[in-house]
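Let me begin by presenting the structure, written as structure tokens, before commenting on it.
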Amino acid sequence: MLHATHQQIKAVGKKIDLTPEQIDKVLQVNARHEFEILLKNGQKHNAYRMQHSNARGPYKGGIRFHPEVNSGEVQALATLMSLKTAAVNIPLGGGKGGIQVNPKLLTIEELEELSRKYVQHLSPHIGPYKDVPAPDVNTDPRIIDWMVEEYEDLTGDTTKASFTGKSLGKGGSEGRDAATGRGGVIVLAELLKHMGLSGKKLTYGIQGFGNVGSFFGLIAAEEQKKWQMVAATDSSGGVFEKNGLWPAELDDFKKQKKQLRHYPAGIKITNEELLSSDVDVLVLAALGDVVTSKNAHLIKAKFVLELANGPVDDKAHELLEKQGITVVPDILANSGGVIVSYLEWLQNLDDKHWSLTKVNTKLYSLLQDAVATIYNASIDKHMNLKEAALAVAITRLLQAQ
Ligand code: NAD
């Protein structure tokens, strides 16, 4: 993953005439923290925090708990966070953390001990103006609340701005749960406006009707009356219904812990069939690397919206663009989450709690600007949207250094 991330930066760096020294600057990580956490039960877990760049503001990025976490992956994700915060122009840098662990094998007590010990190791290097971590894969507001408490006990900080993704009663922001899905709706709608396609009917299918995918559907149903969901899947597969599916009904069904392949409507489809289904927009909200050179030719959609991180690999991206399909890149399409994290941090520093309307208005305005800048850069520089987003981000990073 690190190699692929570096290759993307090098390729775009060359296109915008950067010197090898400038490209090297973008690739470098400011600080790496790699350590071992020893639990009372005798288990040892490798832990990481990579701080890529703070040239534009404090490091920002999630902490994931996963058995396959490794330093290369965390470094790549930290680099991508610096690029994402720069692409959407929020005054934060990029970092990422992780612990090599399967949290499902821990008791609640062990999970809390692990989370607190992670903060004990890192407390000198993180904080409201240094590095502001957040949840990621397998970490949630409950874990973040423990981490904030530990950080406060160790440092005396009372701002709550040391982490984002806290629970609502403990300094979290309104709208954070829906932010990534909402951001996806805003980005797609704004892009369609720039392309002169606004107001037209369109159909879409969602791969991965989980947190991000379901909010995308629910918010699109509320705010974009001409968009119609016709397909949705989870890890079990799902359904296609050409006359339309109701996101709220699928959401209720999922909340009953049922699998979408058992949904009582439409035609049953597999995840591979979803990719080739007859939709205008394919929303990828499950996993990375689901569209590759092996299946890119199956896609019929005109747009692919990357809500997951890296669902279209580099080779497939090239093939899709050749097929005339517009890929809306993750760095822009799923940035709603980090934007509302930024808004949570601002509220904490100011000791305020904003209304949902205020949070959503600010999210909309930041994304509207980001889409305009990246779309215009793609036209001016004859680049696809991913290259344009990276070019905008890299240029901003270098200007700040
Ligand atoms: P989630 O676990 O709530 O949802 C993931 C969904 O994908 C589930 O419905 C699951 O059944 C489905 N899924 C899993 N494997 C699948 C497969 N092989 N084929 C089809 N569907 C499959 O996770 P989430 O929080 O919604 O995140 C989804 C993606 O978005 C992840 O890649 C995540 O890294 C990325 N992301 C999330 C956020 C955020 O704010 N949550 C922000 C940026 C990016």
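The values are calculated or read from the model by the stated rules, or taken from the named source; none is laboratory data. Because the structure is predicted, anything quoted here is derived from the model rather than measured. Reconstructed Cβ throughout: ideal geometry from the backbone, glycine too, with neighbour counts over all protein chains shown. The area values use the complete protein model at the heavy-atom level, side chains included, leaving out ligands, DNA and RNA. Shrake-Rupley method; radii C 1.70, N 1.55, O 1.52, S 1.80 Å.
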key: If the convex hull is drawn through the Cα atoms of the chain, its volume per residue in Å³   = 134 Å³
request  = Could you pull the Cα extents of the stretch 333-401 along its three principal axes, largest to smallest, in whole Å?
outcome  = 43, 28, 15
message = Below 14 angstrom from the Cβ of Asn309, what's the summed charge of the other residues (Lys, Arg +1; Asp, Glu -1)?
response = -3
query = Taking Cα pairs under 8 Å and at least six residues apart, what relative contact order does the chain come out at, in percent?
reply = 16 percent
message = Take the residue pairs Lys14/Lys386; Lys225/Lys268; Lys201/Lys268 and return only those whose Cα atoms are more than 20 Å apart.
response = Lys225/Lys268; Lys201/Lys268
query = Counting DSSP beta bridges in the chain, what percent are antiparallel, to the nearest 5?
reply = 45 percent
request  = For the stretch 289-355, compute Rh as the Kirkwood radius over C-alpha pairs and then the Stokes-Einstein diffusion coefficient at 20 °C and 1.002 mPa s; write the answer in µm²/s, rounded to an integer.
outcome  = 157 µm²/s
key: Nearest-20 debye value, the stretch 29-166 charge dipole, Cβ charges on Lys, Arg, Asp, Glu   = 480 debye
key: Calculated Rg and Dmax of the stretch 29-166 using C-alpha coordinates, Å   = 13.9, 44
task = Output the pairs from Lys96/Lys130; Lys96/Lys381; Lys200/Lys302 with a Cα-Cα distance over 19 Å in this structure; if there are none, say none.
result = Lys96/Lys381
ask   = Assigning unit charges at the beta carbon (Lys, Arg +1; Asp, Glu -1) and nothing else, what dipole magnitude in debye, to the nearest 20, does the stretch 104-259 show about its Cα centre?
value = 920 debye
request  = Taking the Cα centre of the stretch 179-333 as origin, sum charge times position over the Cβ atoms of Lys and Arg (+1) and Asp and Glu (-1), and report the length of that vector in debye to the nearest 20.
outcome  = 400 debye
key: Fraction of accessible area attributable to carbon and sulfur, the chain (%, probe 1.4 Å)   = 51 percent
note = Computed ³J(HN,Hα) along the stretch 355-368: with the Karplus parameters 6.51/-1.76/1.60, θ = phi - 60°, integer Hz and x for glycine or proline, the list is 6, 4, 4, 5, 4, 5, 5, 5, 4, 4, 5, 5, 6, 4
inquiry  = Counting heavy atoms of the protein chains only and a 1.4 Å probe, report the per residue accessible area for the chain as a whole number of Å².
reply    = 43 Å²
query = Among Pro264, Pro311, Pro247, which one shows the biggest mean-square fluctuation in a GNM of the chain, springs joining Cα atoms closer than 10 Å?
reply = Pro264
request  = Report the percentage of all Cα-Cα pairs in the stretch 81-151 whose separation exceeds 19 Å, rounded to a whole percent.
outcome  = 38 percent
task = Under a 10 Å cutoff between Cα atoms, tell me which one of Met147, Met383, Met81 has the largest fluctuation in the Gaussian network model of the chain.
result = Met383
note = Most fluctuating of Leu77, Leu202, Leu307 in the GNM of the chain (C-alpha, under 10 Å) is Leu202
inquiry  = With only alpha-carbon atoms in the gyration tensor, what are the semi-axes of the equivalent ellipsoid for the stretch 52-104, in Å, largest first?
reply    = 23, 9, 8
key: Value at 222 nm in deg cm²/dmol, rounded to 500, when DSSP H runs of n ≥ 4 in the chain each add -39,500 (n - 2.57)   = -14000 deg cm²/dmol
note = A correct Karplus calculation of ³J(HN,Hα) over the stretch 35-46, with 6.51 cos²θ - 1.76 cosθ + 1.60, θ = phi - 60°, whole Hz and x for Gly and Pro, returns 8, 10, 10, 9, 8, 4, 7, x, 5, 10, 10, 6
message = Just to confirm my numbers, what's the Cα centroid distance between the stretch 230-251 and the stretch 96-152 in Å?
response = 35 Å
query = Which ³J(HN,Hα) values, rounded to whole Hz and listed in residue order, are derived for the stretch 250-256 from phi using the Karplus coefficients 6.51, -1.76 and 1.60 in 6.51 cos²θ - 1.76 cosθ + 1.60 with θ = phi - 60°, glycine and proline given as x?
reply = 5, 5, 4, 4, 5, 5, 7
message = Using the alpha carbons of the stretch 179-333, what is the convex hull volume per residue in cubic angstrom, as a whole number?
response = 96 Å³
key: Inter-part distance where the stretch 1-40 and the stretch 279-335 are each reduced to a Cα centre, Å   = 23 Å
Segment Asp252-Ala4, extension gain: residue separation times 0.36 nm, minus the distance between their alpha carbons = 85.4 nm
